[in-house]
Amino acid sequence: MPPTELHDLRRGKYAKIDAAVDDDSPTRPSFDSNASSYEDLEEYDPLNYDAGTLKRKKSTGDLRTRKPSYKDAEIAAAGRLRQKPSRNCGPRQWCCWLLIFVAAVVLLFTAGGLWAYKKTMPKDGLSPPWYPTPKGGTDKSWEESYRKAAELVKQMTLVEKVNITTGTGWQMQMCVGNTGPVPRLKFPALCLQDGPLGLRFADNTTAFPAGITVGATWNKELMYERGKAHGKEARMKGINVILGPAMGPLGRMPAGGRNWEGFGTDPVLQGIAAAQTIKGIQEVGVIATAKHFVLNEQEHFRQAWEWGLPHAISSNIDDRTLHEIYAWPFAESIRAGVGSIMCSYNQVNSSYACQNSKLMNGILKDEMGFQGFVQSDWLAQRAGVAASLAGLDMSMPGDGLRWAAGESLWGPELTKSVLNGSVPMERLDDMVTRVVAAWYQVGQDKWPEDSGPNFSSWTYEQVGKIHEGSPSDKTTGVVNKFVEAQANHHILARKIAAEGTVLVKNEDNVLPLDRNGWKEHERADKGETKFRVGIFGEDARLSRDGINACEDQHCNDGTLASGWGSGAAAFPYLVDPLSALKRSWNDGSVYVTDWPENNLPKQKEILEDQDLCIVFANSDAGEGFQKWSDVRGDRNDLNLQKGGDKLIQDVAKGCGKGNGKVVVVIHTVGPVILESFIDLPNVKAVLIANLPGQESGNALVDVLFGAVNPSGRLPYTIGKSEDDYGPGSKIKYLPSPVDGLSPQQNFSEGLYIDYRYFDKNDIKLRYEFGYGLSYTTFHLSSLLISSHGPKTPLPVPRPSGIEPPSYSTDVPSPDTALFPEGFHKVEKYIYPYISSTSGIEKSEIKTNLLQSPLSDAGGAQGGNPDLYSPLLSVSASLTNIGTRPGDCVVQLYVSLPKNYKDPETGEAVDFPVRVLRGFEKVHVEAQKEGVIKGIKGSTHGGGGGNRELVTFELTRKDLSYWDVRRQNWVLPTEGEFEIAVGFSSRDLPLKGSW
Ligand code: BGC
């Protein structure tokens, strides 16, 4: 290989070979290759290495300056270290006493801390080890891709392999994550880009409604279409891997900052929406990423150092809850064939998710049969060797413990670890093969050679730096080609936003509105009087600073159409509700006044004169590396923000002197408490419009005026108070003094989150999970349950799968990994090469390891295929008994047998009152005159088009629970299952048993 070839292509096509030279390549001590077992390696935490007391640097506020940099703090800390300490106190004895006193205090605190740490070890203790990493290539549906991948990987050198596993460093190429290529074999650098609702930092792309809005549509087709459109845009921009969909956080805590990126607080809803999105993205040739695995349920303390503490929070969970709630959507994603999974920042049972062998080796790769690659969240990797052995396949963005420092835990360190035997060659081969196989699996080998990213994440200018993050490299080139990728996706964005709007209250059928003002039956009374409408609240208008004024949308200013953070995208445009509404009424008969602020004016007429008032309010949240006001990612409470409650109350009081009708529109990242106004007599209608994306105003108008009959359903419960969600639902805003080195969060409520908690404790709520109104009325009848066979407790034994590829395990000579002579390095760029071979001694790691037992629940993508065998068919008849056509979400809930005891142990097994196991969105035409009078007892067919058959298939997994002792999904064979079909988790008119 010519010396600069690898380097040249890594830097992209704009690179010049005469880049600045910086030979100061980062080195980090390799981990002890004599560790007695892989289990021990979990203990080798490089955080102990030079951690310092770095404080986070404030964001510059510059739109293109992305993540906070620790650089200044590092320099400051280093400066402090360089100051020579004085050797003794000299004659000033008090100085010695002071020192002794300080030392005593430190000792006391340390001892206290140690005591507290020991005392408060999480209930579930440490995460169990699971080794070695199962190899990819065991699933038939990936056979061809693995065959091709193996052919390619067999030809790769050690550094070429490492190059594929490690990002090149923050801001070193065009995307938020970039890997190194293997030009010799025509394997490209991969571009990884956020995120779930649109392409972050890109131009000419769509800002779709957020995940939570998609969840609220309960429309499988739209979930798939959004994924597909997102994938097509990524393809147009040269993106290989989309960093989405998000399904964790799942929403354990309603105030969780990033819940809005996912689809709602239920594993089945999340799982179906995620799988549909993944299918859409991957069908057009882009690799999807199921993120964040797992239990990153809150932003506070999610990441080491981000919150001033040396360690991230530990989410402590029991095995059953992990399986039945939080890991469930990931199993569905794997079943859909997802190419990548992102492990999360937090610890799980005291082991970082990105070096947790139980999670990655055991659950993802063995039990769930994951065939793609696991990538770390950005700096979520906290160890080198331990992470590789625990199942991490790709380090993102390549930087190690500190942002943009150019010091990787892999890159040259991985090369060394393979050379000295700490990481077996076999493991590296598997890491690389998984990445290359995913690339083949979606057909990226068919992309033309120059398909790399045609945009830069770091500037909107046409010409920009090629290595933005390199202080000394000034090379520039054309970085933005402004490729138009939006196609007609605004139509889809509008449809999703409209269907994701949930109508929760509509008294006196105040909605839909009439474009001519007075409704037909009112017109006779009102004569020529104009209908007067007032529009209130800042959330109705655009931000005065511009729609993309805040980096990653991290401020709540003007109408809320997205949460903030890496999951947000720039709006190409944003249709505000105010302009859309104003355009919608007939000027001749309607007079519209607006006050798009949250402080009402002194002049009362603006309210008193109105026949109808529409008032807007919102609640925002986002990712924890940014904050708005005092909201640091997670919300501080579940109330409306910016005085929203008072605004609505005042509007209701004043509107038409208390007689005007009030319609409330809420844009929100999740549940909000509505109690301060929901029962006010003139608050006639309330719409939860979630986060609608760029088509906000248009979609809202579609619903308000009835062009779209509302069919959104709540993807979470709206309680009467935050306390009603239970103690486990509270964000941990402060570390507890007894937490030890990292904040501890015990998921002690187990399975009982959101509606499961409300139902278990029979708590009165405002609007339940799955609830939403329509402008028409539906009726369900004729429940039919048919079983496909007898109940048997366990799935059939797991299939063995096909043979994964195998390679020579020979380790090359260290010389082959040295920087080629005359190689030009770009400062801070992460290369796979090593600078010297000194100290690299090949010592075989003691592999006296036992293979962890394979899971009986495994055997294919998503788990043992028999878990997905249909055991029950359920059908019902849905009739539209109203006068408008409409879509209805028919929901199926299962209750496992009551008072169930494990027949073998006699132990009682507790089950939630009911759990969602299926849903279908069905369009039903309006009733035609003269057809169907007596609905009850009506049968299928002959309904004049106003009746549809709805069917569900329930699988073994749907009817089982995770048995911790058997480590398998077990179906209770005694007692009765209740199967309930209806309109929400608490409105279930049809019930049957099995
Ligand atoms: C987020 C990820 C995101 C990554 C890259 C992290 O802060 O947690 O969801 O994909 O940044 O932007």
* Please indicate, with yes or no, whether at least one residue in region 127-145 is within 16 Å of the ligand (Cβ to nearest atom) and assigned to a loop (DSSP other than H, G, I, E, B). => no
* Answer residue from region 580-612, given it is assigned to a helix (DSSP H, G or I) and small (Gly, Ala, Ser) and is nearest to the ligand (Cβ to nearest atom) among those -> 580
* Structure fact -> Quick count over region 255-281, residues being over 20 Å from residue 891 (Cα atoms), more than 14 Å from the ligand (Cβ to nearest atom) and either open to solvent by 10 Å² or more (accessible area, probe 1.4 Å) or touching a strand residue (DSSP E or B) at 6+ places or on another chain (Cβ under 6 Å) (or both), is 2
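Tell me, which residue of region 369-398 that is in a loop (DSSP other than H, G, I, E, B) and more than 22 Å from the chain's Cα centre (by Cα) is nearest to the ligand (Cβ to nearest atom)?
Here the answer is 383.
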* Among (1) open to solvent by less than 10 Å² (accessible area, probe 1.4 Å); (2) over 20 Å from residue 770 (Cα atoms); (3) out of contact with any helix residue (DSSP H, G or I) (no Cβ under 6 Å at 6 or more places or on another chain); (4) away from the ligand (no atom under 16 Å from the Cβ), which single condition is residue 203 missing? -> (1)
* **Criterion violated by residue 333 - all others in (1) within 16 Å of the ligand (Cβ to nearest atom); (2) more than 19 Å from the chain's Cα centre (by Cα) satisfied** => (2)
* To do: Note down all Cβ pairs under 8 Å where the first residue falls in region 290-314 and is at positive phi and outside the structural domain of residue 861 (by the TED database), the second is near the ligand (Cβ under 9 Å from one of its atoms) and assigned to a loop (DSSP other than H, G, I, E, B), and they're at least six residues apart or on different chains.
  => 295/344
* To do: Report yes if residue 315 is farther than 24 Å from residue 218 by Cα and either modelled with pLDDT of 95 or more or within 17 Å of the chain's Cα centre (by Cα) (or both), otherwise no.
  => yes
* Where a residue in region 689-717 is on the phi > 0 side of the Ramachandran plot and not assigned by the TED database to the domain that holds residue 985 and its partner, wherever it lies, is among the small types (Gly, Ala, Ser) and not in a helix (DSSP H, G or I), with Cβ under 8 Å and at least six apart -> 690/210; 690/500; 690/712; 693/198; 693/207; 693/210; 693/561; 693/562
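Can you pull out the residues in region 613-653 that are away from the ligand (no atom under 16 Å from the Cβ) and part of a strand (DSSP E or B)?
613, 614, 615, 616, 617, 618, 619, 628, 631
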* Right, residue 246: within 13 Å of the ligand (Cβ to nearest atom) and buried (at least 24 other Cβ atoms within 10 Å of the Cβ) or not? -> yes
* Hits in region 145-171 (condition: among the acidic types (Asp, Glu) and more than 16 Å from residue 819 (Cβ to Cβ)) -> 151
* Structure fact -> Those residues of region 549-570 which are open to solvent by 20 Å² or more (accessible area, probe 1.4 Å) and either away from the ligand (no atom under 16 Å from the Cβ) or among the hydrophobic types (A, V, I, L, M, F, W, C) (or both) amount to 549, 550, 555, 557, 570
* Within region 283-320, work out how many residues are among the polar types (S, T, N, Q) and within 13 Å of the ligand (Cβ to nearest atom). => 4
* Asked: Taking region 373-430, which residues are charged (D, E, K, R) and closer than 17 Å to residue 173 by Cβ?
  -> 399
* Output the qualifying pairs, or none if there are none: Cβ atoms under 6 angstrom, residues six or more apart or on different chains, first residue in region 337-358 and closer than 26 Å to residue 146 by Cβ and aliphatic (A, V, I, L, M), second residue modelled with pLDDT under 95 and surrounded by fewer than 24 Cβ atoms within 10 Å (Cβ to Cβ). => none
* Please work out if residue 718 is open to solvent by 10 Å² or more (accessible area, probe 1.4 Å), at pLDDT 95 or above and β-branched (Val, Ile, Thr). => no
* To do: Look at region 209-241 and say how many of its residues are farther than 18 Å from residue 481 by Cβ and either within 16 Å of the ligand (Cβ to nearest atom) or of a type outside the set (A, V, I, L, M, F, W, C) (or both).
  => 18
* Asked: How many residues does region 176-189 hold that are closer than 27 Å to residue 150 by Cα, outside any strand (DSSP E or B) and within 14 Å of the ligand (Cβ to nearest atom)?
  -> 0
* **Of residues in region 760-816 being of a type in the set (Lys, Arg) and over 30 Å from residue 679 (Cα atoms), the one nearest to the chain's Cα centre (by Cα)** => 798
* In region 955-977, how many residues are closer than 22 Å to residue 750 by Cα and open to solvent by 50 Å² or more (accessible area, probe 1.4 Å)? -> 4
* Asked: Listed residues 748, 813, 786; which is without any contact (Cβ under 8 Å) to a residue 60 or more places away in the chain, farther than 30 Å from residue 138 by Cβ, surrounded by fewer than 18 Cβ atoms within 10 Å (Cβ to Cβ) and not β-branched (Val, Ile, Thr)?
  -> 813
* region 983-994, residues that are surrounded by 21 or more Cβ atoms within 10 Å (Cβ to Cβ) and out of contact with any helix residue (DSSP H, G or I) (no Cβ under 8 Å at 6 or more places or on another chain) -> 983
* Close pairs from region 440-453: first at pLDDT 95 or above, partner of a type in the set (A, V, I, L, M) and open to solvent by 20 Å² or more (accessible area, probe 1.4 Å), Cβ under 7 Å, at least 6 apart -> 452/189
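The values are calculated or read from the model by the stated rules, or taken from the named source; none is laboratory data. Treat the numbers as computed from the prediction; the structure is a model and nothing was measured. No Cβ is skipped: glycine too gets one built from the backbone with ideal geometry, and neighbour counts run over all protein chains shown. Side chains included, ligands, DNA and RNA excluded: accessible areas come from the protein's heavy atoms. Shrake-Rupley method; radii C 1.70, N 1.55, O 1.52, S 1.80 Å.
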